[in-house]
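Asks: Sharing a structure, written as structure tokens. Questions coming.
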Amino acid sequence: MTRIKRRLAYAAVGSIMAAGTSLVGATAASAAPAPHVSSCDSYRNNGTVWTANCRVDYGSSQSWTRCSDGTVLYGAWVGPGYWIFRGDCSGHGRVSSYGHTDSP
């Protein structure tokens, strides 16, 4: 997968804001579908590795990590349940941003 899909509905989810990504102009009335990840907590980022405990309500979701050298890493697709999302930039510099994306 070479592109990251972002949905306007993420603006309503505090977890994506905590991940360092912001969306401008999104409103609660957006027509985008609800995100598959309902919540994330226990974020940790030591500079080269980040983790978060996330709940996937339905469908499939995966984590993504952008490293300081421009490399984008993707986690495995996971289905409903509680998961530890993680990204590791070892060998690619430091974590510059991270989050999660949903399957269509």
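Asks: If we scan region 8-22, do we find a residue that is surrounded by fewer than 16 Cβ atoms within 10 Å (Cβ to Cβ), of a type in the set (G, A, S) and modelled with pLDDT of 95 or more?
Replies: no
Asks: What tally of residues in region 76-104 results from selecting those that are farther than 16 Å from P35 by Cβ, assigned to a loop (DSSP other than H, G, I, E, B) and not aliphatic (A, V, I, L, M)? Before you say what the answer is, go through the steps one by one.
Replies: Applying the first criterion (farther than 16 Å from P35 by Cβ) to region 76-104 yields 76, 84, 86-97.
Remaining after also requiring assigned to a loop (DSSP other than H, G, I, E, B): 76, 89-94.
Cutting the leftovers down to not aliphatic (A, V, I, L, M) gives us 89-94.
The number of residues fulfilling the criteria is 6.
Asks: Limited to region 38-75, what total is found for residues that are open to solvent by less than 20 Å² (accessible area, probe 1.4 Å) and not in a strand (DSSP E or B)?
Replies: 1
The values are calculated or read from the model by the stated rules, or taken from the named source; none is laboratory data. Treat the numbers as computed from the prediction; the structure is a model and nothing was measured. Note that each Cβ is placed from the backbone with ideal geometry, even for glycine, and that neighbours are counted across all protein chains shown. Ligands, DNA and RNA are stripped out before the accessible areas are found, and what is left, the full protein with its side chains, is counted by its heavy atoms. Shrake-Rupley method; radii C 1.70, N 1.55, O 1.52, S 1.80 Å.
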